[in-house]
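Inspection log for the structure reproduced underneath, given as structure tokens.
Here, each number is a calculation from the coordinates, and none is a lab measurement. Note that the structure is a prediction, hence the values are computed from the model and not measured. Because the Cβ atoms are built from the backbone with ideal geometry, glycine has one as well, and the counts that use them run over all protein chains shown.
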Amino acid sequence: MDRLPIIDIAPLYGRDQSAWPAVARQIDSACREWGFFYITGHPIAAKRFADLLQAAKTFFAQPAAEKLKIDITQSRNHRGYGAIATEQLDPELPSDFKETFDMALNLPATHPDVLAGKSFYGPNRHPDMPGWEALLEAHYADMQELAKTVLRALAIALGIERDFFDRRFVQPVSVFRMIHYPPAAARQSADQPGAGAHTDYGCVTLLYQDDAGGLQVQNRQGQWIDAPPIEGSFVVNIGDMMARWSNDRYRSTPHRVISPEGVDRYSMPFFAEPHMDTPIECLPGCFDADNPPKYPPTTCGEWLTSRFAATYAYRRAEM
């Protein structure tokens, strides 16, 4: 239990659907044992990540006043730039030593759900940088499709309809995030984490990380294990929402980021979340008389709102 599984998902893109269950079994085993695994064999090209990494470096290198033109604390739908210490993932430690850019499904201000005030819907807030919006919107769409591919395999593993998640990921509230972790020497205090220990809130997360390292995952024995970068891979992990859906068959796993020494770290997680109004309740086959449902029913929007309020001071002030 000192190394995360690596799963080749290329068969999920082949015409031979009889090859899918073998991949699903590997994912099922990884989710039960770890809640974390690497995937390779996906269709997103290396050039895309090179372009995104360059865009991230350019954006985060700008003066604070320029980045704060899209300050996330001034956004109704949690879009834009989050300055260092905006987020506190571990309530026992100082706020995280990182800065972020968040985007999601780009809905116009005239969309009925935006007009209705549904807080996770609305237009994105992009910086005024050549090529930025086209690059990130294309990547968001591609990441949504990759997430749905992984979720189809999870549906097979869970013994539910293969299109269960597809039907719930229409107009999703999935978030793509860019993160910059400055070198550890610049921290405000020695105990300030890059990202404090936490579990992710949503369904599944797919993470691209650069070669700086620093991601650590807690195994079932409570030990912190490095999850080093593997070229061409994503790190995938289960979030709290999937834990609730699966009645902890797939538990969300604590993880953290140690600020790098002497270098900047960039990572790009995609948090796959369904439609805001999706009911989240124990799936068929994940409970019985000896293992009743552990969590009360909720919705995607209700759950995310509660978790955001616990993490972001500006969201608590809104409630």
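How much length would be gained if the chain were fully extended between residue 76 and residue 22, taking 0.36 nm per residue of separation minus their Cα-Cα distance, in nm to one decimal?
Once the chain is fully extended between residue 76 and residue 22, it gains 15.1 nm.
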- prompt: Using a Förster distance of 22 Å, how high is the FRET efficiency between residue 248 and residue 161, based on the Cβ-Cβ distance and rounded to 0.05?
  reply: 0.55
- line: Charge tally for neighbours of residue 167 with beta carbon under 14 Å away, counting Lys, Arg as +1 and Asp, Glu as -1, is 0
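Counting only complete DSSP H runs, which helices of the chain cover 18 Å or more along their long axis at the Cα atoms and score a mean Kyte-Doolittle of 0.0 or above?
TM-like helix candidates: 46-60, 132-158.
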- prompt: Simple spin-label model, 7 Å along Cα-to-Cβ: residue 110 to residue 290 in nm?
  reply: 5.9 nm
Helix-derived mean residue ellipticity, 222 nm - over the chain, DSSP H n ≥ 4, -39500 (n - 2.57), to 500: -8500 deg cm²/dmol
message: Taking 0.36 nm per residue of sequence separation and subtracting the Cα-Cα distance, how much length would be gained by fully extending the chain between residue 149 and residue 64, in nm to one decimal?
response: 26.8 nm
- request: Return the loop-located trypsin sites (Lys or Arg not before Pro) in the range 188-257 (DSSP other than H, G, I, E, B) with at most 14 other Cβ atoms within 10 Å of their own Cβ; answer none if there are none.
  value: 220
field: Among 34, 44, 278 - extreme Cα towards positive end, dipole of the range 6-318, charges at beta-carbon
entry: 278
field: Spin-label model distance (nm) - residue 45 vs residue 138, 7 Å beyond Cα toward Cβ
entry: 0.8 nm
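Residue 191 to residue 310: extension gain in nm, 0.36 nm per residue of separation minus the Cα-Cα distance?
Values: separation 119, 0.36 × 119 = 42.84 nm, distance 2.03 nm.
Extending this stretch completely gives an extra 40.8 nm.
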- prompt: Once phi is turned into θ = phi - 60°, what whole-Hz ³J(HN,Hα) does the Karplus curve with 6.51, -1.76 and 1.60 give for every residue of the range 110-119, x standing for Gly and Pro?
  reply: 8, 5, x, 6, 6, 4, 6, x, 5, 5
query: How far apart, in nm, are the 7 Å Cα→Cβ label points at residue 221 and residue 128?
result: 5.6 nm
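Loop only per DSSP, at most 14 neighbouring Cβ atoms within 10 Å: give me the GluC sites (Glu not before Pro) in the range 1-101, ordered by residue number. It would help to have the intermediate numbers written out before the result.
Working: sites: 33, 66, 87, 92, 99; in loops: 92.
Counting only loop positions with at most 14 other Cβ atoms within 10 Å, the GluC sites (Glu not before Pro) in the range 1-101 are 92.
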query: Taking other Cβ within 10 Å of each residue's Cβ, how do 265, 168 sort, fewest first?
result: 168, 265
statement: Under 20 Å by backbone N from the virtual spin label 7 Å along Cα-to-Cβ at residue 85, the residues of the range 197-217 are 197
task: Rank 156, 181, 131 by how far each Cα sits towards the positive end of the charge dipole of the range 116-194 (+1 on Lys, Arg Cβ; -1 on Asp, Glu Cβ) and give me just the farthest.
output: 156
